[in-house]
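Below is one structure, written out as structure tokens; the observations come after it.
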Amino acid sequence: MNNVAKPSACLVFALLVSACSSASFAPGGLTDAAKVGPNTGGGSFVANASGRYHFLVCGGTNGHFKFSGTGRASYLHAVIESGKMTGKPSGSRCVWSGAATLTSRHHPKNSVSFSLGLNGSALHNPCTNAVGYVVKRGTGKFINASGYGTVTFSCGASSYSDSWSGTLTY
């Protein structure tokens with residue numbers, strides 16, 4: 001590159017960096033994630049847990065699904081799992097939403113909380129369909145947690161097991 005082109009190239013680069021850094025979706029933009037620092041760990045996420053649950057089908061009234069158990073999760077290792085979803089009738093459909101938390105058994109200050117959601121009908125409920133998750137927040141070393149994926153529940157007479165699959169960065 002000759003000396004005449006260098007200042008022009010530098011000016012174009014400076015303008016691009018300036019424009020990108022002021023956008024809320026760009027790295028370094030003024031988002032909440034940018035304020036607390038970048039995610040430096042994690043990646044692909046899997047977890048499996050089992051325990052007890054209570055389920056009330058969603059039909060003419062609100063349904064609910066409450067679960068608690070223990071298991072193992074990527075990055076958290078041995079975990080305590082707890083969660084609750086509510087099913088609200090919406091016409092012929094039932095919309096399920098709620099939250100779950102995975103807490104490290106050996107380091108209880110480390111936890112990740114998830115928002116859960118499922119759109120379906122009265123026959124489609126958390127015990128029969130994959131439920132979507134989005135990381136809501138974390139504590140301890142997971143303070144910057146983010147991610148998304150699915151959790152699939154298998155429900156028996158009074159016990160359940162589940163399988164999480166997706167991403168978790170922190």
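Quick look at the values:
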read-out	value
Gain on full stretching of the segment that runs from residue 84 to residue 148 - 0.36 nm per residue minus C-alpha separation	21.3 nm
Inter-label distance for residue 105 and residue 70, nm, one decimal - labels placed 7 Å from Cα along Cα-to-Cβ	0.4
Highest-first arrangement of 73-82, 156-165, where packing means the average Cβ count within 10 Å	73-82, 156-165
Length released on extending from residue 136 to residue 159, taking residue separation times 0.36 nm less the Cα-Cα span	5.7 nm
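Values in this text are rule-based calculations from the coordinates and carry no lab data. None of these values were measured; they are calculated from a predicted model. Methodologically, a virtual Cβ is constructed for each residue, glycine included, from the backbone with ideal geometry; neighbour enumeration extends over all protein chains shown.
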